[in-house]
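The values are calculated or read from the model by the stated rules, or taken from the named source; none is laboratory data. If you're wondering where the values come from, they're calculated on a predicted model, not measured in any experiment. Every residue, glycine as well, gets a Cβ built from its backbone with ideal geometry; the counts of neighbours run over all protein chains shown. Please note that ligands, DNA and RNA were not included when accessible areas were found on the heavy atoms of the full protein model with its side chains. Shrake-Rupley method; radii C 1.70, N 1.55, O 1.52, S 1.80 Å.
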Amino acid sequence: MPSKKNAAHEPTPSAAATTQSSTAAAASVSPTQLKPASTAASTAAAKSTPANWDKVLQNIYQYYMSETPQRTKLIDVFLVFIAVVGALQFLYCILAGNYPFNAFLSGFGATVGQFVLTISLRIQTTAANKTDFPKVSPERAFADYVVCSLILHFFCVNFIN
C-alpha cells in the first residue's frame, strides 16, 4: 500500500488526460474567435438596460395596484411595518448595546414571529391559493392568526421575566 505522501503528489491518469485535452483545445482556438462581438451593439444594449428595468418595475407596480385586493395590500403594509420595526430593534441592539438581553430577544422574537404569522395569514387569504386551502375561510384564517398571535405574545412577555 503506497504512503499518503506519495499519493498526494502523483497525478492520476484521468487528471493528466484532462490537462492535456484542455491545453490542446485552448491551442486550437483562433484569435478571431476570442474577439468580442460588436462593441456598438453591446454598448447600445447596456444603455437601454436601465430603461428596461424601470419599465419592468413600473409594470410590476401597476399590476400590483390594479390586481391586488385591498385586504392583501393592508396585510402587505403591516408586513413592511413589522420588517422596519425588526430592523430598528436590531440596529438599536448593535449601536446602543443589548444590556437586558432577554428584552431584546423577546422583542425581536415577537417581531419575527408576528412576521411569520402575518405571511401565513396572507397566504391563506389570497384568492390565488383557494385551491391549496379549500376548507379555510378568510374569517377562520384571521381567527387562527389572532389566537396564534396571542400565544406568541404570551410567551414573549413571559420570556422577559
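For segment 100-132, which residues satisfy the criterion of being open to solvent by 60 Å² or more (accessible area, probe 1.4 Å), over 20 Å from N158 (Cβ atoms) and not in a helix (DSSP H, G or I)?
K130, T131, D132
Are any residues in segment 81-99 open to solvent by 70 Å² or more (accessible area, probe 1.4 Å), more than 21 Å from F155 (Cβ to Cβ) and assigned to a helix (DSSP H, G or I), and if so, which ones?
F81, V84, L88, L91, Y92, I94, L95
Specify the residue that is modelled with the lowest pLDDT; the eligible residues are those in segment 52-80 that are surrounded by fewer than 12 Cβ atoms within 10 Å (Cβ to Cβ) and aromatic (F, W, Y).
Checked segment 52-80; the qualifying residue modelled with the lowest pLDDT is W53.
Could you list all residues from segment 139-161 that are part of a helix (DSSP H, G or I), surrounded by fewer than 15 Cβ atoms within 10 Å (Cβ to Cβ) and in contact (Cβ under 8 Å) with a residue 40 or more places away in the chain?
Within segment 139-161, H153, V157, F159, I160 meet the criteria.
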